[in-house]
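Chemist: Before we start, here is the structure in question, set down as structure tokens.
Taken together, the values in this text are just the output of simple stated rules run on the coordinates, not laboratory data. Worth saying up front: this structure is predicted, and the values here are computed from it rather than measured. With ideal geometry, Cβ positions are generated from the backbone for all residues, glycine too; neighbour counts draw on all protein chains shown.
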Ligand code: HEM
């Protein structure tokens, strides 16, 4: 059945595993800090702060693997967002997800070595990988060293703005994660994509 | 043109500051020191105002230059900004200090206590001096040190000026109030005036607190160390260290104790809160756990539920249409 193609090189799988784990820790500890009224049901505040700091630092350094990996290997090209007909392709893919898939049409953008993402995937990965993550890392480090945040930006406290951005981006990534995990279950078998991300091989 | 306006505004401000560099919004509206007071105090400041002073020694028949030890120097500028700026020195000290050398028996001079003037007096009733004194009597400082620890130890007679009640910028208040505690807790010499114990290092003692420097600029020591008391504006009952607030959620939660202490003053005045829980705090920063935004909260919940709903519908449709 089908051909096997190697899609996920080792460094990518390593980055991804650490990243996914840290994201989960960050989400759980972040929620515990934000919703302390439910402290009893999630993590103790002080523990949450410590976990969040540690996981945030690990995730930040880990991010360089993603950054340099994509900078210096061909994998980076998968993330070139602005190709010919982006919008049209996005709608084609959307059409597939909302209708085509139920009519058992063939996927409009089959996976190839040159093109492992469909347009929606690509957009989501660029937004999360290159925008949200960077923002969340920068504002996170600003939290760790609040001295570097300007006291006021305009009329508003600098830390307030920093915090709101941080929390909003964290929230955005959490929503991404839910959809991300759902989408990787779409396939011939539910566990197939998970397996690829472990072995690197797509069947 | 713009710079011209800026310059003239600046000079106006400078002129105003020079003519009246004294806080003007005291509730008791303590006035400005009169010429007479300044005149009288100049004698004392001629020696106590700075490091170097001179006096005439009749035995040697010449002027002697000498150094004033730091503890006996009274900062003139700060004195005329302080609560008691309209006072003559000899309003609190004996008039015998006008002679030099100061008579030896003045060493045993009795000092006034705050409530000798402020206690049981309607003019000062809204400050609740009596209740503050009761609170202070129950505090560690008072119970451990009895007479030696007076109100003056925190309220420097020559410099203290009321801050929290009038100051617009909360960060200034916090810095000022914490500075008071640190005059001892960061200065062994002053600390050991009261006890022979070794002074604990405040930074080390609070190393369990992450972002310690941020905390110390955003909350006062008394937020954690004083028992809450709604009756007085500034809680004075400093508790033993075992009773200090250590649980983060006392502040980092929607019923944050900061609302009853640091923000108790502003809470009563209505302010824009933009849907934030404990919105008053947001003017200073964002206290995780304590400042949640109603609108963002609701919005994020709906997006979350919406996402789940779409995923649910999608997977049901998949189950129906795509049977293996
Ligand atoms: C919020 C944390 C996460 C982020 C930011 C993230 C991001 C990404 C990115 C950028 C890719 C594409 C990598 C590439 O091929 O260049 C990817 C792929 C993948 N991720 Fe995640 N991920 C996260 C969490 C997770 C979790 C928790 C799981 C599993 C439970 C998971 C499973 C997968 C799988 C199976 C793939 C390969 C399928 C595909 O290419 O679409 N991810 N992820």
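Chemist: Relative to the longest principal Cα axis of chain A, at what angle does helix A:86-95 sit, 0 to 90 degrees, rounded to 10?
Modeler: Orientation of helix A:86-95: about 80 degrees from the principal axis.
Chemist: Got the relative contact order for segment A:100-203 handy, in percent, Cα pairs under 8 Å and 6 or more residues apart?
Modeler: Relative contact order comes out at 18 percent.
Chemist: Then there is this: Measure out, as a whole number of angstrom, how far apart the alpha-carbon centroids of segment B:49-95 and segment A:44-109 sit.
Modeler: Using only Cα atoms to place each centre, the spacing works out to 73 Å.
Chemist: Moving to a separate point now. Once you have a ≥ b ≥ c as the square roots of the Cα gyration tensor eigenvalues for chain A, tell me rounded if a/c is under 1.5, and otherwise prolate or oblate according to whether a/b is larger than b/c.
Modeler: Prolate.
Chemist: What is the protein assembly as shown by shape, rounded, prolate or oblate, if you read a ≥ b ≥ c off the alpha carbon gyration tensor as root eigenvalues and call it rounded for a/c under 1.5, prolate for a/b larger than b/c, and oblate otherwise?
Modeler: Prolate is the answer for the protein assembly as shown, as a/c is 1.5 or above and a/b outweighs b/c.
Chemist: Right, next: By its C-alpha gyration tensor, with a ≥ b ≥ c as the square roots of the eigenvalues, how is segment B:74-117 shaped: rounded for a/c under 1.5, else prolate for a/b larger than b/c, else oblate?
Modeler: The shape class here is oblate.
Chemist: Where does helix A:133-144 land angle-wise versus the long Cα axis of chain A, in degrees 0 to 90, nearest 10?
Modeler: Relative to chain A, helix A:133-144 is tipped by roughly 20 degrees.
Chemist: Taking only Cα atoms, what is the 0 to 90° angle, nearest 10, from helix A:45-72's long axis to the longest principal axis of chain A?
Modeler: 40 degrees
Chemist: Also, quick follow-up: Evaluate E = 1/(1 + (r/R0)^6) for residue B:86 and residue A:165, where r is the Cβ-Cβ distance and R0 equals 60 Å; express this FRET efficiency to the nearest 0.05.
Modeler: 0.75
Chemist: Enter the mean number of other protein chain beta carbons within 10 Å of the beta carbon of each residue in B:210-218, as an integer.
Modeler: Average per residue, whole number: 3.
Chemist: Next question, about the same structure. For residue A:6 and residue B:315, FRET efficiency with R0 = 30 Å and r from the beta-carbon atoms, rounded to 0.05?
Modeler: For R0 = 30 Å, the calculated efficiency reads 0.50.
Chemist: Further question: Could you calculate the contour length gain from residue B:126 to residue B:71, that is, 0.36 nm times the residue separation minus the distance between their Cα atoms, to one decimal place in nm?
Modeler: Taking residue B:126 through residue B:71 to full extension adds about 16.5 nm, to one decimal.
Chemist: Once each part is reduced to its C-alpha centroid, what is the distance from segment A:122-146 to segment B:184-248 in angstrom?
Modeler: So the two Cα centres are separated by 37 Å.
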